[in-house]
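**Student:** Pasting a structure here, questions to come.
Read-outs: derived from the displayed coordinates by stated rules, not from any lab. No experiment lies behind these values; they were computed from the predicted model shown. Cβ: placed from backbone, ideal geometry, glycine included. Neighbour counts: every protein chain shown.
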Amino acid sequence: MSRYIATRAIRGANALVTEAEMMLNKAIVEKGPDTPVSFPNTAYYLPLIYGMTGQEIETIGQLQPVLSHARDLLHPVPSQNHWTPYLGETLDSGMATLLAAEAIEAIRFVYDLQPEPLPGFHLAGGTAFTNPDNGANGDGHLNGPIDDIQLRAWGIKLVDGRMPGFAAIVGCAKSNEVAVQIVRELQRRNILTFLSGNVNGRSIIHQLQEEGVELGYDTYTVPFGTDTISAIYALGFATRSALTFGGLKAGQARDILLYNRERVFAFVLALGEVDDLKYAAAAGAINFGFPVIADTVIPEILPTGVTSYEHVVSMPFAEIDGQDDLERAERLVQKCIEVRGVKVQVADVPVPVPYGSAFEGEVVRKTDMRVEFGGKYSRAYEYLYMAPLDDVVDGKIEIIGPDFADIDEKGHMDMGIVVKVAGRKMQEDFEPVLERQIHYFINGASGIQHIGQRDIAWIRISQAAAEKGFNLEHFGKILHARFHADFGAIVDKVQVAIITEPEPLEEWLGKAREAYDFRNRRLADLTDDAVEEFYSCTLCQSFAPNHVCVVSPERLGLCGAYNWLDCKASYSINPTGPNQPIKLGRPIDLEKGYWEGTNEYAAVGSHGVVEEVAMYSIMENPMTACGCFECIVMLIPEANGVMVVSREDTSMTPAGMTFSTLAGMAGGGMQTPGVMGVGKYYLISPKFISADGGFKRIVWMSSYLKESMHDEMQAVAEREGDPDLIERIADERNVTDVDDLLAWLEEHNHPALIMDPIF
Ligand code: SF4
Ligand code: ZN
């Protein structure tokens, strides 16, 4: 252990705790001790303080004991001639630094100094399904802390390996070029990247802003702030992962730290000079088992009791082997990944633009667009089908018709993407599963945007991508490479046709529509009674160790990402993987949804935490949840019904809690009668809490669900024999507490009022 690092970390921690104390005293005088403090959209208070100490900080005054605790953790700077191991002291100083840093950010929120303003900054916004031309919240502020909604939305990617870990970058790169390269290398590997800090006032955030790199949730690059202190948000995120997915409770500091060390593959990359504060913050990260890699000369900390890998690694930029700075940047990123043992899988996709799922959410605005297919002015469709092995020429990519060279700038044209696959283990049932991947695969190319599916696909190619040489053939190259890389176990050959010529375009559209129709009917026939096995999903166990989803044809996984067909395909791809068939065996109670097979599996899969699971009830042995549910269903006893809150809805619900707070009750792999996390498509299933009365029990629902699933909901209302049912259901626009809810239900004649008592 280095005396040098210990000295500087302890010095940095002392200074920061003192600074926090001064700020707090000033705030108490100026604003009063009862002034509320909070981070936006989180149920975890000030998450690091909450996780580490269990304290629910809601006012400025409550920060006082936190800072006293931080002060208690401080140690004197090691003396020159006295040897001690220092590690314990260094780690304590690190923790003190984190507590102080979070307190400072909280106070800054009170003074409106967070999220940090940055003139001209524009945060990449909007999801893949919003209209790209409306998108973007360019309000001249950095992101600040990550909200719970985003944490949960990323949950599934973090668990299934699509997002193998996160990087906290602190400081400023050697040049703008190097900054861009580092971020691109991380994005290419789908590593979530948090940006903060500066060197002499200049931050990597400035560098990326100057180079026009889109920063935001959608591109996996989150700008926290241009000072070192804002790096605390990365550790607040790590703390919340343990609370959200790991079922850990606030105050279990040691377990939260261990959870991160074992399950969260994160590291800190310190760019440029490391000052006392950065040493102190680094010591904080080491508590979580996150190593620090610096691109300057600093003493290293070799493996000790905390981890089996180095804690601090020095890799001076100028000494990195490489032809030029770009190559050095790439090596630096590789080194970080090696040290932390981040498991990265990247398919080599031969396209002239950067490629990786970090680019999936990128938006191509009309002003940046070269050409579009589909949308308002043209039609695009995609169709994947299987054929006998001999009928498919692997790797063949045909362009049938003209490319977009003759189309005006920002113009449009019709296009069909037809993919023909063959494989010994391929089944017709897998066609829609694979076809749905086209969206993700094409979106992975930087500068290409894909929205929708089937015959309502909408694809844009940006000006920048076109200038780099991206053409129609590259769609085929992407699909060929990715289907082999991701579905190699069921797909042996992939052939692609990109069609723009009117006649074959029409002809294939006809064939595609026939297939869509056929699949729709097949899906409608695919009911729970029609199959002999359900599937388990234990993907989330890497984060929520005792949670299992039982996935049936009529009840998809709570993350919304895995339905029965997906699980079946995944089992064929990887027979020892997270999706295993559950033979139903003898039925025990078909109304509530108990079978011998599902009960046995639930007990084994949950490691004994759950003994039985009812597939169709929220009141009795409901299915457990990890943390990535799309919606929460919760009993409202007074209304004899349930409410459904969607992840996107941050407003107050009649249960007296917001989604974030409710999520704490629904997650963590525990069975809580009356509360359940579900995928939103389960809401429209005939098996939705059918044992408790079904869809008619819904008395309140986030308006987001009503609107985004309008047509599907209307179809359910008709199925339930009450075409006006959706209008009878209240939402946050008209009702936010139980009294108003009851009045609304009376006034709108909601059927739940006259149904049998729900319990
Ligand atoms: Fe996690 Fe369930 Fe989704 Fe599987 S289906 S990824 S276990 S939430
Ligand atoms: Zn999950």
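**Student:** Which value, in Å to one decimal place, does the Kirkwood hydrodynamic radius take for the range 645-759 when every pair of different Cα atoms is included?
**Tutor:** Computed over the range 645-759, the radius equals 14.7 Å.
**Student:** Using the eigenvalues of the Cα gyration tensor, what equivalent ellipsoid semi-axes result for the range 334-435 when each is taken as the square root of five times the eigenvalue, whole Å, largest first?
**Tutor:** Over the Cα atoms of the range 334-435, the semi-axes work out to 28, 26, 13 Å.
**Student:** Between beta-carbons, use under 12 Å as the cut-off and find the net charge around ILE146, counting Lys and Arg +1, Asp and Glu -1.
**Tutor:** Taking every other residue near ILE146 into account, the sum is 0.
**Student:** Same structure, new question: What Kirkwood hydrodynamic radius, in Å, does the range 528-754 give when the mean of 1/r is taken over all pairs of distinct Cα atoms and then inverted?
**Tutor:** One over the average 1/r among Cα pairs gives 17.6 Å for the range 528-754.
**Student:** Ok, one more. Can you check what the net charge comes to around SER552, using other residues whose Cβ is under 11 Å from the Cβ of SER552 (Lys, Arg +1; Asp, Glu -1)?
**Tutor:** That works out to -2.
**Student:** Over 19 Å between C-alpha atoms is what I'm after, so list which of LYS592/LYS687; LYS376/LYS410; LYS511/LYS568; LYS425/LYS568 land there.
**Tutor:** LYS511/LYS568
**Student:** How many angstrom separate the Cα center of the range 229-291 from the Cα center of the range 171-221?
**Tutor:** Value for the Cα centre distance between the two parts: 20 Å.
**Student:** Mean 1/r over all different Cα pairs, inverted: what Kirkwood radius does the range 611-704 give, in Å?
**Tutor:** By the Kirkwood definition, the hydrodynamic radius is 12.9 Å.
**Student:** While we're looking at this one, here's another question. With the calculation restricted to Cα positions, what are the radius of gyration and Dmax of the range 357-514 in angstrom?
**Tutor:** 14.8, 46
**Student:** In square nanometres and to one decimal, what's the mean projected area of the convex hull around the Cα atoms of the chain?
**Tutor:** The number I arrive at for the chain is 33.7 nm².
**Student:** Next question. Under a straight-distance cross-link criterion of Cα-Cα below 19 Å, which lysines are reachable from LYS396, leaving out those fewer than 8 residues away in the same chain?
**Tutor:** LYS420, LYS477, LYS493
**Student:** Here's something else I'd like to know. What is the mean projected area of the alpha carbon convex hull for the range 151-340, to one decimal in square nanometres?
**Tutor:** Projected area, direction-averaged: 10.1 nm².
**Student:** Sticking with this one: Go ahead and estimate [θ] at 222 nm for the chain from helices alone: -39,500 (n - 2.57) per DSSP H run with n ≥ 4, summed, over the residue count, rounded to 500.
**Tutor:** -11500 deg cm²/dmol
**Student:** Something else: Which value, to two decimals, describes the C-alpha radius of gyration of the range 244-332 once divided by 2.2 N^0.38 Å?
**Tutor:** So the Cα radius of gyration is 1.25 times the expected 2.2 N^0.38 Å.
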